[in-house]
Amino acid sequence: MNAFLNVLEKNAIKKEILRREKITTLQVNLGNLCNQNCRHCHIEASPLGKDIMQRKTIDDIIKFLSSSKIKTLDITGGAPELNPSFDYFIRTARNLVDELIVRSNLTVFFEPGKEYFPEFFKDYKAHLICSLP
């Protein structure tokens, strides 16, 4: 923080112009497990990903959402749909926010047992942001 304040001072910018606003969006990364292995991935996600958010942490996020006025929940990963608690997270969090975003590579829909996702996302009014490498 001091380095940032030093840059402001060096450029004659008064720190008083900076104001903290309310948090409106919470982005949650469910881990680095993914059905793809892309060189450009900034979290090095792959089918071997081991850093997977646990259910207890998801419950803590649910608790936070229920006591805050977060408008948008933005869920990402690797492929967040591969987190074992993903469906639970969507079902539990959906009524706590105005907008639910899921960042998907879409190919996860073709993984065995995941074919229901298009209808699931429709039912929970998820806004999909999709990309393919």
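The values are calculated or read from the model by the stated rules, or taken from the named source; none is laboratory data. These numbers were taken from a predicted model, which means no experiment stands behind them. Virtual Cβ from ideal backbone geometry, glycine too; neighbours counted across all protein chains shown.
Some values worked out for this structure:
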item: Test: Leu100 is exposed (fewer than 15 other Cβ atoms within 10 Å of the Cβ) and either within 16 Å of the chain's Cα centre (by Cα) or aliphatic (A, V, I, L, M) (or both); result: no
item: Test for Ile13: is it modelled with pLDDT of 90 or more, among the aliphatic types (A, V, I, L, M) and assigned to a loop (DSSP other than H, G, I, E, B); result: no
item: Per-region count, segment 103-117, residues exposed (fewer than 13 other Cβ atoms within 10 Å of the Cβ) and within 24 Å of Asn37 (Cβ to Cβ); result: 4
item: Lys69 part of a loop (DSSP other than H, G, I, E, B), over 21 Å from Thr107 (Cα atoms) and of a type outside the set (A, V, I, L, M); result: yes
item: Condition broken by Val102, with the remaining ones in (1) in contact with a strand residue (DSSP E or B) (Cβ under 9 Å, 6 or more places away or on another chain); (2) in a helix (DSSP H, G or I) satisfied; result: (2)
item: Counted residues, segment 2-32 - those being closer than 30 Å to Ser104 by Cα and exposed (fewer than 10 other Cβ atoms within 10 Å of the Cβ); result: 2
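Results for (1) under 16 Å from the mean Cα position of the chain (by Cα); (2) outside any helix (DSSP H, G or I); (3) under 28 Å from Asp123 (Cα atoms), shown as yes or no for each residue.
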| position | (1), (2), (3) |
| --- | --- |
| Val7 | no, no, no |
| Glu21 | no, yes, no |
| Cys38 | no, yes, no |
| Leu48 | no, yes, no |
| Leu65 | yes, no, yes |
| Gly78 | yes, yes, yes |
| Arg94 | yes, no, yes |
